[in-house]
Amino acid sequence: MSTPMSRTSTAFSDQLLENAKSVGCSLSTAPGDIDPGTWDKIKNHPCFSEEAHHYFARMHVAVAPACNIQCNYCNRKYDCANESRPGVASEKLTPDQAMRKVIAVANEVPQLSVLGIAGPGDACYDWKKTRATFERVAKEIPDIRLCISTNGLALPDHVDELAEMNVDHVTITINMVDPSVGAKIYPWIYYGHRRHTGLDAARILHERQMLGLEMLAERGILTKVNSVMIPGVNDEHLIEVNRAVKGRGAFLHNVMPLISNRIHGTYYGLTGQRGPEPFELEALQDRLEGTKMMRHCRQCRADAIGLLGDDRGQEFTLAEIPDEITYDGSKRQAYRQLVARERGDHLAAQNEAIRMVMSVEYGGSLLVAVATKGGGRINEHFGQAKEFQVYAVSQRGMKLTGHRGVEQYCLGGWGEDATLDHIVIALEGIDILLCAKIGDRPRKQLTQAGVRATDAYGHDYIETALGALYVAECGIEPLPATATA
Ligand code: CLF
Ligand code: SF4
């Protein structure tokens, strides 16, 4: 395989190596609120652990195109909206092709830790291909974690096989627990060798989803529930969904916004059903806070590869992968050793920053956008960023609330005015922007829009910078070089 490692990935690994040398070593431990057994399962899974998503990558192989239901937010020509934004999976793969691709990626992307099957149809319905892919890959790369996403209808038929194959992470998309709500989301399902519609279809789907969830919980398989928030259809109802799935042992709940656009040709797109505004999504997520909520989902494609938010799928097309390819785990192993050391230091820095924030007498809050390319550090240039992670800091602590996707400002050494205008709009409501480097022009324009931007914390841990900013904001310490306009 001759695929070159990307600039981003190489730079990130090198930088991590550098950091690891300079900070000394402490082994990774479970954060206080997670038991060691669970931590062991999630610590390398970028979706099941927010902390892990700073370090580890997943890849999806699009081996499962067939589906047994119709969701009103899906057009079969597009990716599965269960787990992705509606963009086509570039190529559908056979299990053998998938295995070659996984090896090619594992050889080149040291962060790779999880192989997921998330469509583009339903992984449990297209079971033979899903199973064959997992079996082949697990044989070649035994330490890769296997992950599956499903609408749940066929799930109960395969739970025992999933357990046998050590698939210890499952996602079920559950948008309702009341068939009268379900009938507005699912026009039909195919079950028991025939098509069902209306309330009958929604009732069967609901019963199968609940059964599948209970069966997974009984077997100790960690289950995440994804719910698509559809304003006016199931938004309020998701509170009840949350209660029901929590009661049946779901580990994590991920409420995602409906992505709806006429050009996707979906029922909702064509009928003008809108998705939620970011503030509506966040308000609902806040109401569900008693449960573990996922806030770092990127609604990725069925063929996504890389760290969440940095899709490298286009670098690994089948045409570039040789027919014969051998697995070489050296880069992944070296990377894991580095991460084990780095994240212990990160955790200590994080705890110290939180302690600092919670100890100050300041009632205000800050919304901070961060440019990062991994490692939990502020290590991306403003002009290179394709998204900014957003953190809320208050006396109660600090939390990732989501991300704002943007077009890359700097391409080939130039920054486009129109792109900058869009980025400024995307950062509306942000108090401070942190990045590794920013030029005078964007800094000035952001300042005029009320966003203070600084590269003074470049390469620091995100939480360390957030803590320092918060303390500075309440007047205890001076604030280093934010926007000078
Ligand atoms: Fe893939 Fe899903 Fe597994 Fe992750 S994605 S099958 S749990 S490995 Fe992750 Fe992507 Fe969100 Fe899914 S960011 S859409 S939650
Ligand atoms: Fe589309 Fe996935 Fe729904 Fe099937 S389960 S209709 S592939 S979104």
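Annotations
- GLU320 falls short on exactly one of the conditions (1) modelled with pLDDT under 90; (2) buried (at least 17 other Cβ atoms within 10 Å of the Cβ), and that condition is (2).
- Among the residues of the range 165-182, the one identified as of a type in the set (D, E, K, R) and either within 14 Å of ligand 1 (Cβ to nearest atom) or crowded, with 20+ Cβ neighbours inside 10 Å (or both) is ASP168.
- Members of the range 335-372 that are part of a loop (DSSP other than H, G, I, E, B) and buried (at least 23 other Cβ atoms within 10 Å of the Cβ): ALA371, THR372
- Residue pairs meeting the criteria (Cβ under 8 Å; at least 6 apart or on separate chains; first within 22 Å of MET59 (Cα to Cα), in the range 157-173; second of a type in the set (Asp, Glu) and within 16 Å of ligand 2 (Cβ to nearest atom)): THR171/GLU83; THR173/GLU83
- Given (1) surrounded by fewer than 21 Cβ atoms within 10 Å (Cβ to Cβ); (2) more than 23 Å from the chain's Cα centre (by Cα), number of the condition ILE259 does not satisfy: (2)
- When the criteria are applied in full, VAL137 meets the requirement of being under 24 Å from SER90 (Cα atoms), surrounded by 17 or more Cβ atoms within 10 Å (Cβ to Cβ) and among the β-branched types (Val, Ile, Thr).
- Count of the range 234-251 residues which are crowded, with 20+ Cβ neighbours inside 10 Å and of a type in the set (Val, Ile, Thr): 2
- The criterion of at least 2 residues that are within 16 Å of ligand 2 (Cβ to nearest atom), on the phi < 0 side of the Ramachandran plot and within 25 Å of the chain's Cα centre (by Cα) is met, among strands (runs of 3 or more DSSP E) falling completely within the range 145-212, by 145-150, 167-173.
- Qualifying residue in the range 310-326 (condition: part of a helix (DSSP H, G or I), more than 16 Å from ligand 1 (Cβ to nearest atom), under 24 Å from LYS92 (Cβ atoms) and without any contact (Cβ under 8 Å) to a residue 12 or more places away in the chain): yes
- Among the residues making up the range 452-464, those that are farther than 24 Å from TYR55 by Cβ and either free of Cβ contacts under 8 Å to residues at least 40 places away in the same chain or surrounded by fewer than 23 Cβ atoms within 10 Å (Cβ to Cβ) (or both) are ARG452, THR454, ALA456.
- Search result, residues across the range 283-302 that are at pLDDT 90 or above, under 22 Å from ALA244 (Cα atoms) and surrounded by 15 or more Cβ atoms within 10 Å (Cβ to Cβ): LEU284, GLN285, LEU288, MET293, MET294, ARG295, CYS297
- Among the residues listed as GLY265, GLY247, GLY212, GLY275, the single one being farther than 18 Å from PHE48 by Cα, small (Gly, Ala, Ser) and without any contact (Cβ under 8 Å) to a residue 40 or more places away in the chain: GLY247
The rows are residues; the columns are (1) at pLDDT below 95; (2) exposed (fewer than 15 other Cβ atoms within 10 Å of the Cβ); (3) farther than 27 Å from GLU361 by Cβ.
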| residue | (1), (2), (3) |
| --- | --- |
| ILE432 | no, no, no |
| ARG441 | yes, yes, yes |
| GLY475 | yes, yes, no |
| ALA481 | yes, yes, no |
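- The range 99-124, subset touching a Leu at 6+ places or on another chain (Cβ under 7 Å) and part of a loop (DSSP other than H, G, I, E, B), residue surrounded by the most Cβ atoms within 10 Å (Cβ to Cβ): CYS124
- Condition check for GLY220: surrounded by 20 or more Cβ atoms within 10 Å (Cβ to Cβ) and part of a loop (DSSP other than H, G, I, E, B): no
The rows are residues; the columns are (1) in a strand (DSSP E or B); (2) at positive phi; (3) touching a strand residue (DSSP E or B) at 6+ places or on another chain (Cβ under 6 Å).
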residue: GLY374; (1), (2), (3): no, yes, no
residue: VAL393; (1), (2), (3): yes, no, yes
residue: ARG443; (1), (2), (3): no, no, yes
residue: LEU446; (1), (2), (3): no, no, yes
residue: ALA468; (1), (2), (3): no, no, no
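- Restricting attention to the range 72-98, the residues that are modelled with pLDDT of 95 or more and buried (at least 24 other Cβ atoms within 10 Å of the Cβ) total 1.
- In this entry, ARG404 is excluded by the filter for residues that are among the basic types (Lys, Arg) and loosely packed, with under 15 Cβ neighbours inside 10 Å.
The values are calculated or read from the model by the stated rules, or taken from the named source; none is laboratory data. Just so we're clear, the structure is a prediction, and the values are computed from it rather than from any experiment. Note that we place each Cβ from the backbone using ideal geometry, even for glycine, and neighbour counts take in every protein chain shown.
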